[in-house]
Amino acid sequence: MQPNLIRNEYALVPALWSNSQANISLLFSEVPFERRPAAAAAAGFEAIECWWPFTGASPATAEVDAFVASVIDAGVALRGLNFFAGNMAAGDRGVLSHPARRSEFDDSVALAVDIGARLGVRGFNALYGNRLTGLAAVQQDEAALDALAAATEQADVIGATVLIEPVSGVPAYPLKVADDALSVVRGVRERTRQGHVALLADLYHLTVNGDDVTRVITEHVDSIGHVQLADAPGRHEPGTGAVRIVELVDLLAKSGYTGGLGLEYIPTADTVSGLNWLQRLEPSFGRPADTARAEVI
């Protein structure tokens, strides 16, 4: 039993839990990336999200088309997509605040908007980028606001929102808590003529960084464009740590949030077996585990 989950009859938020979308950059790692949209569909998801799915900012057309086809063929909707964020494995967390890498960011924005138009993406996560040695923070921040303003106006062409996310675990990443990201959101809004930019409230990152997540929800729900979740410590399924995730989602619903819930966690075992927590909260979700697991494999 997962003791930190509240029983379904108390949660009272079936509408939000039915908006759960699998982040296939972390979920379904049992199969190659190109098969993960189909694996998510087999498990019962109708929508997915992912980090930038290519090595560089400007992949070959054939690679892009293959990614788009994998989503379409699976019959799922791609609701969220990260812009190019550099070499994540090497520690990068975005390039948009790096003046010398602006062209890479712009190229990825143009491509992401094209993919979004084809697949119905609603939100683009724009990781801010780490602080750079030898460059003043104010210079990076000015570069970031200019890049984000341009991206926000481009995303608006397809009705999508640009999302700004606080992140944990990387000391050089300057956006730690919601107020840091909301300051950026306000700065971008001051520079744009059109478009939508909002906070990506990742319950895991905010908790690990010591933010008051309840306050963030109650005071800033109108500025939250998307929510992601994982338990802490460990960044695993809800119920494996100490975060009262169901209570926070309940509060989101009561506060008026109606958007998606991105499941961005590292499964403790195989992904399908680890979805039993979601099936308890949203009984209509999913398929029999043995059937879903067989299709994933």
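The figures follow:
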| read-out | value |
| --- | --- |
| Apportionment of accessible area to carbon and sulfur, the chain, percent (1.4 Å) | 51 |
| Gain upon complete extension [Arg186, Thr133; 0.36 nm per residue less C-alpha separation] | 16.5 nm |
| Relative compactness, the stretch 165-216, computed as alpha-carbon Rg over 2.2 N^0.38 Å | 1.19 |
| Distant alpha-carbon pairs in the chain (separation over 25 angstrom), percent | 45 |
| Arg118 - accessible surface, heavy atoms, 1.4 Å probe, Å² rounded to 10 | 110 |
| Per-selection Rg to Rh, the stretch 67-109 - Cα, Kirkwood hydrodynamic radius | 1.11 |
| Per-residue HN-Hα couplings for the stretch 127-134 [Karplus 6.51, -1.76, 1.60; θ = phi - 60°; Hz; x = Gly/Pro] | 5, 6, x, 6, 5, 10, 5, x |
| Interchain or long-range residues, amide H under 5 Å from Leu78's placed H | Ile48 |
| The stretch 117-194-the stretch 221-278 distance, computed between alpha-carbon centres (Å) | 23 |
| CD proxy at 222 nm, helix term only [per DSSP H run n ≥ 4: -39500 (n - 2.57); per residue of the chain; nearest 500] | -12000 deg cm²/dmol |
| By accessible area with a 1.4 Å probe, ligands and nucleic acids excluded, highest first: order of Trp17, Trp52 | Trp52, Trp17 |
| Cβ-derived FRET efficiency at R0 35 Å, Ile266 paired with Asp65, nearest 0.05 | 0.75 |
| Where the stretch 75-210 is the region considered: accessible area per residue in Å², 1.4 Å probe | 39 |
| Probe 1.4 Å, all protein chains present, accessible-area order of His226, His196, His98, largest first | His196, His98, His226 |
| Mean separation of Cα contacts under 8 Å (6+ apart) over length of the chain, as relative contact order % | 23 |
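The values are calculated or read from the model by the stated rules, or taken from the named source; none is laboratory data. Keep in mind that this is a model prediction, so the values were computed, not measured. Virtual Cβ from ideal backbone geometry, glycine too; neighbours counted across all protein chains shown. Please note that ligands, DNA and RNA were not included when accessible areas were found on the heavy atoms of the full protein model with its side chains. Shrake-Rupley method; radii C 1.70, N 1.55, O 1.52, S 1.80 Å.
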